[in-house]
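Asker: Before anything else, here's the structure in question.
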Amino acid sequence: MNDAVIIVGGGPAGCTAASLLARSGKRVLLLEKETFPRFHIGESLLPFCNRDLAKIGIWEKVQKAGFMIKPGAEFVLSDGSGFRCFWFGESLAAPYDKTFQVERAKFDALLLDHARESGATIHVGASARSFREGPDGVEVEYELGGKIERAQGRWLIDATGREPFLGKVLRLAKTDLGIPKKMAVYAHFRNVRRSPGKAAGNITVVRLSGGWFWLIPLDEEKTSVGMVRPLGAFQDGKGGPRELFEATVRESRELSGRLEKAEAISPFRTTADYTYRLEHLAGSRWLAAGDAAGFLDPVFSSGVTVALEGGVAAAEMILAQPEGSGGFSSRQQRVYTRRVHALARRFEEMIRMFYDDRSFEVFMTPRPPRAMKKAVIHLLAGNSDLNLSLWLRVKLFYLLCVLQRHWRLAPALDYHRNPVVRSGASPVTP
Ligand SMILES: Cc1cc2nc3c(=O)[nH]c(=O)nc-3n(C[C@H](O)[C@H](O)[C@H](O)COP(=O)(O)OP(=O)(O)OC[C@H]3O[C@@H](n4cnc5c(N)ncnc54)[C@H](O)[C@@H]3O)c2cc1C
């Protein structure tokens, strides 16, 4: 397979690139170290990823898979005050008026099967170990069933997620985004109280004074619940991450109410220290996509959308190269890096806004100007392609955030009014 594209990693980024390339007639070899289905965190999609799912021909299958429909996103303070719900359908027409909450074991298996049906050769249980780049192509050494194998190809896409294969092998430089390091602790639960009516499919983000919780309904019974707080909060506390999770639930009126009868039905898992961005996302014969290119705080559920967009961008880069090309020029490498960074930056701005108490008040204002509301809904939906009018509205929103630091244009929120309502009894039954 000397002319093949080798893709390392079979998550959303890798499968998107594999499907698109294979459907365009390229020979594709995808190496995935795990056997699927396997657990993965990252369960809430954004409406604009529907477009990429359609582009790779899997949209119908996703619609028929029985995933929970997500029509909007809710934000609320820990004591239950300041509730805001953003319905995608208020500013967006089909197919962007809703999307899905997905159990990743099932969603990722669907994507991998689709890549295979699209014509990609898939090796599962195959862990890439080393990489060599020559003038005409690449060589990857991987371990499969206890044996070391070699594969040669023209191009390589690194889609290995948060512990990037090429990032390590090539010691690629990381940019410090200046966002404080965080840790997440999470599990699946049953009997979590949901929002009423069609809001039952929404993601709920509960903003704490230093962090946040997510509640993501996955099916009729199962809800994913996770807490994100600065690393320091875990180091200072007594007990482990689960104890801190439970103590935080007890201290919050909103969370203790929703989790009053909740019962954990999976182990508690943790993920720490996860924000980074690689400076260069392309070399002469390789590209990085998805989390392998960089990872952002998940508060706006951006990861899978960015991974799908990255997979599309990487595939399009390769498809645009003429047969027998000598590799990506420095200019092409910069163009690719800029394209992928641009989308990540849009979410970075939002994340900074979320953690800034004053800016968050503008986001949560109960009666936003119409122009601003539309912009915010497009941002929450993951629109990477803003037209001039939307771009100006987004700028207006961030301008109001800056002004809010000096003059209170939006009503103040009380982040610290967070009475301990149910001290004693744990709302989380093991
Ligand atoms: C706490 C938390 C909450 C999150 N919540 C959300 C959310 O609600 N919504 C959202 O969209 N995103 C969320 N994310 C982000 C989301 O998980 C990721 O952005 C997304 O999975 C990235 O997809 P990917 O394809 O780039 O990488 P992955 O999904 O991580 O896939 C990478 C694949 O590469 C394989 N691999 C790794 N190394 C090798 C190797 N050497 N050889 C072969 N295979 C290899 C892995 O086994 C894996 O299957 C969250 C993340 C965290 C940490």
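The values are calculated or read from the model by the stated rules, or taken from the named source; none is laboratory data. Predicted model only: the values in this text are computed from it and were never measured. Note that each Cβ is placed from the backbone with ideal geometry, even for glycine, and that neighbours are counted across all protein chains shown. The area values use the complete protein model at the heavy-atom level, side chains included, leaving out ligands, DNA and RNA. Shrake-Rupley method; radii C 1.70, N 1.55, O 1.52, S 1.80 Å.
Asker: Could you rank the peptides 196-208, 304-316, 212-224 by their average count of other C-beta atoms within 10 Å per residue, with the highest value first? Could the numbers behind the result be given before it?
Answerer: On the way: 196-208: 18.0, 304-316: 27.2, 212-224: 20.2.
Descending mean neighbour count gives 304-316, 212-224, 196-208.
Asker: Can you give me the distance in nm between label points at Ser325 and Arg338, each placed 7 Å from the Cα along the Cα-to-Cβ direction?
Answerer: About 1.7 nm, to one decimal.
Asker: Can you give me the relative contact order of the chain as a percent, contacts being Cα pairs under 8 Å and 6 or more apart?
Answerer: Details: 881 pairs, mean separation 91.3, N = 430.
Across the chain, relative contact order equals 21 percent.
Asker: Ignoring ligands, DNA and RNA, how do Leu392, Leu92 rank by accessible area with a 1.4 Å probe, largest first?
Answerer: On the way: Leu392 95, Leu92 15 Å².
Result of the area sort, largest leading: Leu392, Leu92.
Asker: Let me ask something additional. For the stretch 295-430, what class follows from the C-alpha gyration tensor (a ≥ b ≥ c being the square roots of its eigenvalues): rounded when a/c is under 1.5, otherwise prolate if a/b is larger than b/c, else oblate?
Answerer: On the way: a/c = 3.19, a/b = 1.70, b/c = 1.87.
Oblate.
Asker: Rolling a 1.4 Å sphere over the protein heavy atoms, what is the accessible area per residue of the chain, to the nearest Å²?
Answerer: Values: 18190 Å² over 430 residues.
Per residue, the chain has an accessible area of 42 Å².
Asker: Extending each Cα 7 Å along its Cβ direction at Ile69 and Glu279, get the distance between those two points in nm, one decimal.
Answerer: My value for the distance between the label points is 4.8 nm.
Asker: Also: What list of whole percents do you get for P(r) of the stretch 355-404, with Cα-Cα distances grouped in 5 Å bins up to the one holding the largest distance?
Answerer: Pairs per bin, as whole percents: 5, 22, 33, 25, 13, 3.
Asker: Between Thr99 and residues 5 or more places away or on another chain, which pairs have amide H atoms under 5 Å apart, with H built 1.01 Å from N, and which residues are they?
Answerer: Lys70
Asker: Given labels modelled 7 Å from the Cα in the Cβ direction, how far is it in nm from Glu316 to Glu220?
Answerer: My value for the distance between the label points is 4.1 nm.
Asker: Report the residues of the stretch 242-266 in range of a label on Ser209: point 7 Å along Cα→C-beta, backbone N strictly under 20 Å from it.
Answerer: 244-257
Asker: Run through the stretch 328-420 and list the chymotrypsin sites (Phe, Trp or Tyr not before Pro) located in a DSSP loop whose Cβ has at most 10 other Cβ atoms within 10 Å. Intermediate results must be reported in sequence, preceding the final value.
Answerer: Numbers: sites: Phe328, Tyr336, Phe347, Phe354, Tyr355, Phe360, Phe363, Trp391, Phe397, Tyr398, Trp407, Tyr415; in loops: Phe328, Trp407, Tyr415.
Passing both the DSSP loop test and the Cβ count: Trp407.
Asker: What are the ³J(HN,Hα) values, in whole Hz, obtained from phi via the Karplus relation 6.51 cos²θ - 1.76 cosθ + 1.60 with θ = phi - 60°, for each residue of the stretch 34-44 in sequence order, with x given for Gly and Pro?
Answerer: Running phi through 6.51 cos²θ - 1.76 cosθ + 1.60 with θ = phi - 60° gives 8, 9, 9, x, 9, 5, 8, 8, x, 9, 10 Hz.
Asker: What length, rounded to one decimal in nm, is gained on full extension from Phe83 through to Arg370, with 0.36 nm per residue of separation minus their alpha-carbon distance? Could you put the intermediate results ahead of the total?
Answerer: Details: separation 287, 0.36 × 287 = 103.32 nm, distance 1.82 nm.
That pair, Phe83 and Arg370, stretches by 101.5 nm at full extension.
Asker: Do any of Lys33/Lys106; Lys98/Lys395; Lys181/Lys395; Lys106/Lys181; Lys70/Lys395; Lys33/Lys147 go past 22 Å between their Cα atoms, and which? It would help to have the intermediate numbers written out before the result.
Answerer: Working: Lys33/Lys106 17 Å; Lys98/Lys395 25 Å; Lys181/Lys395 27 Å; Lys106/Lys181 30 Å; Lys70/Lys395 27 Å; Lys33/Lys147 13 Å.
Beyond 22 Å: Lys98/Lys395; Lys181/Lys395; Lys106/Lys181; Lys70/Lys395.
Asker: Dividing the alpha-carbon Rg of the stretch 47-95 by 2.2 N^0.38 Å yields what? Working shown, then result.
Answerer: Numbers: Rg = 14.4 Å, N = 49, 2.2 N^0.38 = 9.7 Å.
Rounded to two decimals, the normalised Rg is 1.49.
Asker: Rounded to whole Hz and in sequence order, give me ³J(HN,Hα) for the stretch 60-66 from the Karplus expression 6.51 cos²θ - 1.76 cosθ + 1.60, θ = phi - 60°, writing x for Gly and Pro.
Answerer: These are the phi-based 3J(HN,Hα) values: 4, 5, 5, 5, 8, 7, x Hz.
Asker: Can you give me the long-range amide H partners of Ile203? Hydrogens built in the peptide plane at 1.01 Å from N, cutoff under 5 Å, separation of 5 or more residues or another chain.
Answerer: Gly72, Glu74
Asker: Ranked from highest to lowest mean number of other Cβ atoms within 10 Å per residue, what is the order of the peptides 77-86, 278-287? The partial results should precede the final answer.
Answerer: Details: 77-86: 18.7, 278-287: 21.0.
Answer by packing, highest mean first, reads 278-287, 77-86.
Asker: Something else now. Rank these by accessible area, largest first, 1.4 Å probe: Val124, Val140. Don't jump to the answer; show the numbers that get you there.
Answerer: Numbers: Val124 55, Val140 0 Å².
Ranking Val124, Val140 by accessible area, largest first, yields Val124, Val140.
Asker: With the Cα gyration tensor of the chain giving a ≥ b ≥ c as the square roots of its eigenvalues, does the rule (a/c under 1.5 for rounded; else a/b larger than b/c for prolate; else oblate) give rounded, prolate or oblate? List each step's numbers first, then the result.
Answerer: Values: a/c = 1.85, a/b = 1.54, b/c = 1.20.
In terms of gyration-tensor shape, prolate.
Asker: Okay, moving on. Can you work out ³J(HN,Hα) from phi for every residue in the stretch 4-11, in order, using Karplus 6.51 cos²θ - 1.76 cosθ + 1.60 and θ = phi - 60°, giving whole Hz and x for Gly and Pro?
Answerer: For the stretch 4-11, the Karplus curve yields 7, 9, 9, 10, 9, x, x, x Hz.
Asker: In whole percent, what relative contact order does the stretch 355-404 give with Cα contacts below 8 Å and a gap of six or more residues? Walk me through the intermediate numbers first.
Answerer: On the way: 26 pairs, mean separation 28.7, N = 50.
Taking the mean separation of contacting Cα pairs over the length of the stretch 355-404, I get 57 percent.
Asker: Taking H as built 1.01 Å from N, whose amide H comes closer than 5 Å to the amide H of Ser78, not counting residues under 5 places away?
Answerer: Close amide H contacts, sequence-distant or interchain: Arg207.
Asker: A further question follows. Using a 1.4 angstrom probe on heavy atoms only, work out the carbon and sulfur share of the accessible area of the stretch 215-346 in %. Display every interim value, and only then the final one.
Answerer: Working: 2420 of 5180 Å².
Roughly 47 percent of what the probe reaches on the stretch 215-346 is carbon or sulfur.
Asker: Here's another thing I want to ask about it. Could you tell me the relative contact order of the stretch 60-110? Use alpha-carbon pairs under 8 Å, at least six residues apart, and round to a whole percent. Intermediate values should be presented prior to the final figure.
Answerer: Details: 52 pairs, mean separation 19.3, N = 51.
Value for the stretch 60-110: 38 percent.
Asker: When the label point is put 7 Å from the Cα of Asp176 along its Cα-to-beta-carbon vector, which residues of the stretch 255-282 have a backbone N closer than 17 Å?
Answerer: Hits in the stretch 255-282 for Asp176 at 17 Å: 273-279.
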